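The values are calculated or read from the model by the stated rules, or taken from the named source; none is laboratory data. Every value quoted in this text rests on a predicted model; they were computed, and no experiment measured them. FYI the Cβ positions are ideal-geometry reconstructions off the backbone, even for glycines, and counts take in every protein chain you see. For accessibility, only protein heavy atoms count, side chains too; no ligands or nucleic acids. Shrake-Rupley method; radii C 1.70, N 1.55, O 1.52, S 1.80 Å.
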Amino acid sequence: CRKKGHIRKDCPGFKSWLDKKGNTQCFVSYESLLVDVPPNSWWIDTGASIHITNSLQGYLTSRKLNKGERTITVGNGIEVDAEAIGTLRLILDSSFILDLVNTVYVPVFTRNLITVSQLDSYGYEFKFGNNRVSLFHNSHMNGSGTIYGNLNSMNLDST
């Protein structure tokens with residue numbers, strides 16, 4: 001609105017524009033800092049509402065987001081900006097190709113998150129037990145993961 005003293009994120013006009021645009025609020029329960037793991041690993045999160053990555057590598061398609069267009073609210077209530085959104089491709093250790101639609105790029109995150117609820121909406125199922133996780137689609141097991149420090153990591157193709 002360019003009014004003196006207005007901060008963009010607090011501006012009523014900007015907030016109204018975001019509401020009309022359909023700005024989605026996303027929440028993430030983020031406890032993966034408790035485990036020392038490689039930053040390019042992918043973690044299965046049952047509490048998050050979106051897929052999140054800390055790298056632009058692997059995107060099939062993406063678009064840059066405007067500052068404040070999409071924010072992520074983490075467990076302690078702090079909001080961080082997402083910088084891009086798109087479809088990201090993972091190749092699992094089974095050679096199955098898993099395309100994560102609407103994955104947001106948040107460079108301040110230290111871990112990459114795969115969201116169970118998002119994959120569930122595309123017909124995927126997870127089975128957790130015996131220190132392992134299995135990913136199914138159409139009753140076929142397409143990938144697996146292992147538990148590290150009470151967190152589930154997806155096994156990716158190492159080549």
Go through segment 36-87 and count every residue that is of a type in the set (A, V, I, L, M, F, W, C), closer than 25 Å to Ser134 by Cα and either open to solvent by 20 Å² or more (accessible area, probe 1.4 Å) or at pLDDT 90 or above (or both). 7
Could you tell me whether Ser153 is open to solvent by less than 60 Å² (accessible area, probe 1.4 Å) and touching a Lys or Arg at 6+ places or on another chain (Cβ under 6 Å)? no
Checking Asp93 against (1) loosely packed, with under 15 Cβ neighbours inside 10 Å; (2) more than 27 Å from Asn138 (Cα to Cα): exactly one of these is not met. Which one? (2)
When both residues are 6+ apart or on different chains and their Cβ atoms are under 9 Å apart, which pairs have a first residue that lies in segment 45-61 and is at negative phi and assigned to a loop (DSSP other than H, G, I, E, B), and a second that is among the acidic types (Asp, Glu) and modelled with pLDDT of 90 or more? Leu56/Glu83
Among (1) closer than 21 Å to Leu60 by Cβ; (2) modelled with pLDDT of 95 or more; (3) among the hydrophobic types (A, V, I, L, M, F, W, C), the one test that Leu156 misses: (2)
Of the residues Asp99, Asp120, only one is at pLDDT below 95, charged (D, E, K, R) and either touching a helix residue (DSSP H, G or I) at 6+ places or on another chain (Cβ under 6 Å) or under 19 Å from Ala48 (Cα atoms) (or both); which? Asp120
Which residue out of Val104, Val116 is open to solvent by less than 60 Å² (accessible area, probe 1.4 Å), among the β-branched types (Val, Ile, Thr), under 22 Å from Val74 (Cα atoms) and in contact with a Lys or Arg (Cβ under 7 Å, 6 or more places away or on another chain)? Val104
Which of (1) open to solvent by less than 40 Å² (accessible area, probe 1.4 Å); (2) over 18 Å from Trp43 (Cβ atoms); (3) not hydroxyl-bearing (Ser, Thr, Tyr) is the odd one out, the single condition Asn130 does not satisfy? (1)
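Let me confirm something: among Thr103, Thr46, Thr73, Thr87, which residue is closer than 15 Å to Ser153 by Cβ and of a type outside the set (Asp, Glu)?
Details: Thr103 fails: closer than 15 Å to Ser153 by Cβ; Thr73 fails: closer than 15 Å to Ser153 by Cβ; Thr87 fails: closer than 15 Å to Ser153 by Cβ.
Every option except Thr46 fails the conditions.
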Checklist (1) of a type in the set (Gly, Ala, Ser); (2) in contact (Cβ under 8 Å) with a residue 24 or more places away in the chain; (3) exposed (fewer than 12 other Cβ atoms within 10 Å of the Cβ) applied to Ser121, failing item: (2)
